[in-house]
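For reference, the structure is listed below as structure tokens.
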Amino acid sequence: MSMRTLYRSRTDRKLAGVCGGIGRTYGIDPGLLRIGFIAAAVFSCGTALLIYAAAAVVLPKESGFAAPPPPDSYTYR
């Protein structure tokens, strides 16, 4: 089992690249993650925003060379 490293995305980002990085690492559509974070922020009275901000501070940016997406990723052909 290989270890996956979580980074903030440099290319697929709207704010800090947290959802783009999570989506690339785990093969999930970042748009769905963004909608989920917005819903969680509304229903958690802003706690999800604190978690997002902490992730934006703690997670490193991906290197200058973008890693290819996982084999079964969200990209459509």
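The values are calculated or read from the model by the stated rules, or taken from the named source; none is laboratory data. What you see is a predicted model, and the numbers here were worked out from it, not measured in a lab. Quick reminder, even Gly has a Cβ in these numbers, built from the backbone with ideal geometry, and neighbours come from all protein chains shown. Remember, those area values only see protein heavy atoms, side chains included, never the ligands or the DNA or RNA. Shrake-Rupley method; radii C 1.70, N 1.55, O 1.52, S 1.80 Å.
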For the stretch 1-53, which residues satisfy the criterion of being assigned to a helix (DSSP H, G or I), among the polar types (S, T, N, Q) and surrounded by 14 or more Cβ atoms within 10 Å (Cβ to Cβ)?
-> Thr25
Which numbered condition Gly27 fails, given (1) in contact with an Asp or Glu (Cβ under 7 Å, 6 or more places away or on another chain); (2) modelled with pLDDT of 90 or more | (2)
Do any residues in the stretch 54-70 that are part of a loop (DSSP other than H, G, I, E, B) have Cβ atoms under 7 Å from those of residues that are open to solvent by 70 Å² or more (accessible area, probe 1.4 Å) and modelled with pLDDT of 80 or more, where the two are at least six apart or on different chains, and which pairs are they?
-> Leu59/Tyr7; Pro60/Tyr7; Glu62/Tyr7; Glu62/Arg10; Ala66/Arg10; Ala66/Thr11
Check the stretch 58-65 and report whether any residue there is open to solvent by 90 Å² or more (accessible area, probe 1.4 Å) and at pLDDT below 90.
-> yes
